[in-house]
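Read through the structure below, which is laid out as structure tokens, and then see the notes.
Just so it is clear, none of the values below were taken in a lab; they were calculated from the coordinates. Because the structure is a prediction, the values reported are computed rather than measured. Note: ideal-geometry Cβ built from the backbone for every residue, glycine included; neighbour counts use all protein chains shown.
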């Protein structure tokens, strides 16, 4: 395992969110100059020396064992997703000098699948939540990603920066914060991704919300949930989403949206499907999903 400055920043952010009361430390010292716990307090809870923990936070090139990382994770009260992200940051930084991952493409069978489930909105998402493809109903539900310039076909970018997305999602701030947290996970898994760094920079420049979320180092790995929307054509919708992992395409995810059978949302989704005789297909997204990445 290697070490990275990003790993150190993550530890510091997790430490700063903890209060002495949360870990059973008496808060008699009111003169704390830093938010959260001190380094020596986390070190004591993790069973390591203060010097060793300090070097971890400073991004020194040391090689902690998995048992030490587990102890640090417990001391910082990391949940399962945060613990996995900590490991990603440490393991993947050693690969940061390697060439970027190759451009992603859509297998013809997946494009056929998207078209075949035309009565269910479905998107094929790649690294960074790039929209690699989608079916007609997904574009009607969300946005016409196939018509966007290739560098803008990203679900997280659209959610955070497009005013129409802010109007579409009833709980926009929750949805956008979770999208930022999912992007944080992806960056931890692919630290040598120039397009991810470019995307983070763009979002930080244009969104104060994103800057705050990113500074908090929150990570999100939600593979299912409920989205509440107010669609400009069919009105209110409550949809379930599921992220389906693809065994032959490990960096691609099929996101499917469904409505409870017999519900008003199901009727509205069917009505949306009948709206507009001409709409983009999954192949339109497939043909031009990756050219910008190919030029890197």
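General remarks:
- Modelled this way, with points 7 Å down the Cα-to-C-beta line, the labels at residue 198 and residue 13 are 2.3 nm from one another.
- Relative contact order of the chain, taken over Cα pairs closer than 8 Å and 6 or more residues apart, is 20 percent.
- Most mobile listed residue (231, 248, 83) in the chain, GNM with C-alpha springs under 10 Å: 248
- Ellipsoid fit via the Cα gyration tensor, region 52-201: semi-axes of 34, 18, 14 Å, each the root of five times an eigenvalue, largest first.
- The percentage of C-alpha pairs in the chain whose separation is greater than 37 Å is 24%.
- Largest first and in whole Å, the equivalent-ellipsoid semi-axes of region 5-95 read 23, 13, 12, each the square root of five times a Cα gyration tensor eigenvalue.
- For the chain, the longest principal axis of the C-alpha atoms and the axis of helix 172-189 are separated by about 70°.
- C-alpha long axis of helix 194-206 to longest principal axis of the chain, angle in °: 90
- Measure of compaction for region 198-252 (Cα Rg per 2.2 N^0.38 Å): 1.56
- Dividing the summed -39500 (n - 2.57) terms of all DSSP H runs of n ≥ 4 by the residue count of the chain sets its mean residue ellipticity at 222 nm at -13500 deg cm²/dmol.
- The coefficient of translational diffusion for region 144-284, derived via Stokes-Einstein from the alpha carbon Kirkwood radius under 25 °C and 0.890 mPa s, stands at 147 µm²/s.
- Residues listed by number, region 113-144, amide nitrogen under 16 Å from residue 271 label point at 7 Å toward C-beta: 141
- Virtual paramagnetic centre 7 Å along Cα→Cβ of residue 244, amide N under 17 Å, in region 113-153: 113-126, 132-139
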